[in-house]
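Structure, as structure tokens:
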Amino acid sequence: MMKVPFNDLGLHHKLLQPELNQAIAEILEQSAFIRGREVDLFEKEFAAAVSAPFCVSCANGTDALYIAMKSLGLNNGDEVIVPSHSWISTSETVTQAGGKVVFCDTREDNHTIDADQISDLITNRTVGIIPVHLFGHPADMAKIMQIARQHGLWVIEDCAQAHLAKIDDQFVGTFGDVGTFSFYPGKNLGAIGDAGALVTANEKLAMFAASFARHGGLVKGDHQIEGINSRLDGIQAAVLNIKLPRLAAYTSQRQDAACRYRDLLHGIPQINLPSVGKGSEHVWHLYVLRAQRRDELCDFLADNNIATVINYRTCLPLLPAYARLKHSPSDFPVAARAQDEIVSIPIYPEIKFEQQQYVASKIREFYSK
Ligand SMILES: *Cc1c(COP(=O)(O)O)cnc(C)c1O
């Protein structure tokens, strides 16, 4: 029987094995474990890759959000508007930084924040908005930036799932004040451990963020402020430097795979395929269907050696972590309904056409029973 994993990092790294081995051996030889040449190079190259003036690396994508908020001067009790559908990093870091999380419902068509509902959530305590380019599809940055300017709010784009995604030919991460990225192994650009970065056009903010992430001082022992320890290590940077020049090709492979799914899954009335907004370039971190009898479908696919994931099973405001906010599903009707219908099917650069054919045929078979 054919087997379709959700992602194939084993195969992905096997194809890079000689280069990875050599890069890691060099780091060992130089003992360049924390920061060093590879880290400096990666910051420079990643900034260039997304056309951002500055890149500050850190330990992971969650820290990137936290560092961004501290760098933007978030004060205790400040309110930050975040989408109700995301990975918890987007909201937990608001609380961690001393802010108050305000959830906004999502769009029916692509699960990103519903910009039309943001204005109603703004109070005199609101300081910022964190749109998430969820699954690799850009949020509506034109509308979000217009609202932000009108109300004097900052914007952090959570680009953890959207490396190289674009709107009208402009890279995500460059619309707001800061763009944050994760290089968690399964992300579109992944290290072999945790890694993250933020990008910005604001030099002062970049300097503050770099210093804050390194105990509040860029020169050892010279602490201008209290900071945290959130550094990119040499091995991760060396691995990222090997993969970054291939990121555009990996992205095209994902886009080709998404095109193939569109054809292969055409005309099944019980599922809705993901859509791409006008002017948006989707980078397909995840291929998310909306499916009738979703859980039964997942079980059937699992029985046929096809892995699926629910991203995510509970929308953020309804998680136990936010019980204090006393939200009910009717507060976020779109996100609350999506959580029961979404299913992510395998997509990754190395997925084979035959594997996609197999996935599609099994989905078709499930609904024809
Ligand atoms: C992965 C992810 C993060 C956090 O990244 P880590 O590197 O795992 O800390 C933040 N936001 C979103 C939307 C993510 O998918």
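Observations on the structure shown:
- Bridges between two residues of the chain, per DSSP, are antiparallel at a rate of about 60%.
- Three-way shape call for the stretch 159-227 based on the alpha-carbon gyration tensor, with the a/c threshold at 1.5: oblate
- Evaluated with a Cβ-only charge set (Lys, Arg +1; Asp, Glu -1), the stretch 84-128 carries a dipole of roughly 320 debye about its Cα centre, given to the nearest 20.
- Fraction of accessible area attributable to carbon and sulfur, the stretch 165-209 (%, probe 1.4 Å): 48
- Per residue, in Å², the accessible surface of the chain once ligands and nucleic acids are set aside, probe 1.4 Å: 43
- Anisotropy class of the chain from Cα gyration tensor, a/c 1.5 cut: oblate
- For Lys100, residues with placed amide H under 5 Å, excluding near neighbours: Gly77, Asp78, Glu79, Val80
- At an R0 of 56 angstrom, the distance between the Cβ atoms of Val219 and Glu108 translates into a FRET efficiency of 0.65.
- Using only side-chain charges placed at the Cβ, +1 for Lys and Arg and -1 for Asp and Glu, the dipole size of the chain relative to its Cα centre rounds to 260 debye.
- Residues considered: Ala160, Ala49, Ala209. Largest GNM mean-square fluctuation over the chain, using C-alpha springs under 10 Å, is found at Ala49.
- Charge context of Lys220, other residues only, Cβ under 15 angstrom, K/R +1, D/E -1: +2
- Taken over the C-alpha atoms, the stretch 190-334 has Rg and Dmax values of 21.6, 64 angstrom.
- Applied to the stretch 312-325, the Karplus parametrisation 6.51 cos²θ - 1.76 cosθ + 1.60 on θ = phi - 60° returns per-residue 3J(HN,Hα) values of 9, 6, 10, 5, 3, x, 9, 6, x, 4, 10, 4, 4, 7 Hz, with x for Gly and Pro.
- Mean residue ellipticity at 222 nm, helices only, the chain: -11500 deg cm²/dmol; runs of at least 4 DSSP H residues each add -39,500 (n - 2.57), and the sum is divided by the number of residues.
- Under 12 Å, Cβ to Cβ, from Gln355 - net charge with Lys/Arg +1 and Asp/Glu -1: +1
- Between Arg364 and Asp295, residue separation times 0.36 nm minus the direct Cα-Cα distance comes to 23.3 nm.
- The charge dipole of the stretch 102-219, taken about its Cα centre with unit charges on the Cβ atoms of Lys, Arg (+1), Asp and Glu (-1) only, comes to about 500 debye.
- Here the stretch 110-144 and the stretch 188-255 have alpha carbon centers that stand 25 Å from each other.
- Total formal charge among the other residues, if their Cβ is under 15 angstrom from that of Ala32, Lys/Arg +1 and Asp/Glu -1: -3
The values are calculated or read from the model by the stated rules, or taken from the named source; none is laboratory data. Treat the numbers as computed from the prediction; the structure is a model and nothing was measured. Cβ sites come from the backbone with ideal geometry, for glycine too, and all protein chains shown count toward neighbours. Just the protein is used for accessible areas: all its heavy atoms, side chains included, with ligands, DNA and RNA removed. Shrake-Rupley method; radii C 1.70, N 1.55, O 1.52, S 1.80 Å.
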